[in-house]
Structure formats: C-alpha cells, structure tokens
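Step one of this worksheet: look at the structure below.
The values are calculated or read from the model by the stated rules, or taken from the named source; none is laboratory data. None of these values were measured; they are calculated from a predicted model. As a convention, Cβ positions derive from the backbone with ideal geometry for all residues, glycine included, and neighbour counts pool all protein chains shown.
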Amino acid sequence: MTWFSKKDKNVTPTLVKGRVGVPTETSGKKAEQKTAKTVYNPSALKRVWITEKSTDLGNLRKYVFLTDKSANAAEIKKAVEGIYNVTVEMVHMLNFAQRKHFRGRAAKLRHYKKAIVTLAEGQELDVIPK
C-alpha cells in the first residue's frame, strides 16, 4: 500500500552541508531578497538609567537602560538600533529580584531589569547629561 506514502519517488537526495537532504523546488526566477525594515518593540526600553556608575560607563561606549521585565537581549538590541540609529555590538542583561526593605516599616522594593548596551567603535548616544 504505497498510495499513502509521503515520499516522492522522482526526487533524488542531495548533499546539503554534510547532510543528505531533499532539494527545494526552484523555479526559473531567482529568489527575490526583500530588504524589510526591522521591526522593534519600543516598549522594551523604559528609560535611560542615570547613575554615577552609568555615566562613567558612557565613556566606554556602554549605556544602561531600564527595560521591560519580559524583554530579552535581542529585543533590546533591535530597539536601541531602531530608536537611536546606532550599531549595537553587545547587550548584557541584569535581572534584579523583588526584595523586602525595612526602615521603620516593612516595604517591598520592586523587581526591575537593566540592560548594558555596548555600541560599535566611534558611535555614541547623547542620553547622559554632561
């Protein structure tokens, strides 16, 4: 009962990057490459984190942002590149858990997430006051 077989008998397998694979269908036209605009999530970045340490990091082409809790490094990279028109080399994420705080009465400090963004050589942002 080969009627229900999913394999095509006329296709010969080809070698693709060290593996045997089935060739893709190619038409007479070359595949058109679309240069789509990269879509970024502007709500991934909340604000610039301005402290004494972060202003010192600005001299090293590193900028600190307070980010959304669910944002990852790839989203942060796309957002910074889209908003500020710069090239991002690297993104480091820092996750700070909620903790209790006692000063006269009990309180809770909120959970937050920071991203340290390193820019390419020769690029800078004007987000930190001088």
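The table below lists the values:
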read-out: Among residues of segment 31-65, those that are at pLDDT 90 or above, aliphatic (A, V, I, L, M) and farther than 18 Å from Met90 by Cβ, counted; value: 1
read-out: Residue count, segment 41-60 (criterion: in a loop (DSSP other than H, G, I, E, B) and either surrounded by 18 or more Cβ atoms within 10 Å (Cβ to Cβ) or of a type in the set (A, V, I, L, M, F, W, C) (or both)); value: 3
read-out: Residue count for segment 66-75, restricted to those that are within 14 Å of Asn95 (Cα to Cα) and touching a helix residue (DSSP H, G or I) at 6+ places or on another chain (Cβ under 7 Å); value: 3
read-out: Residue tally, condition over 18 Å from the mean Cα position of the chain (by Cα) and closer than 20 Å to Asn85 by Cβ, over segment 39-60; value: 1
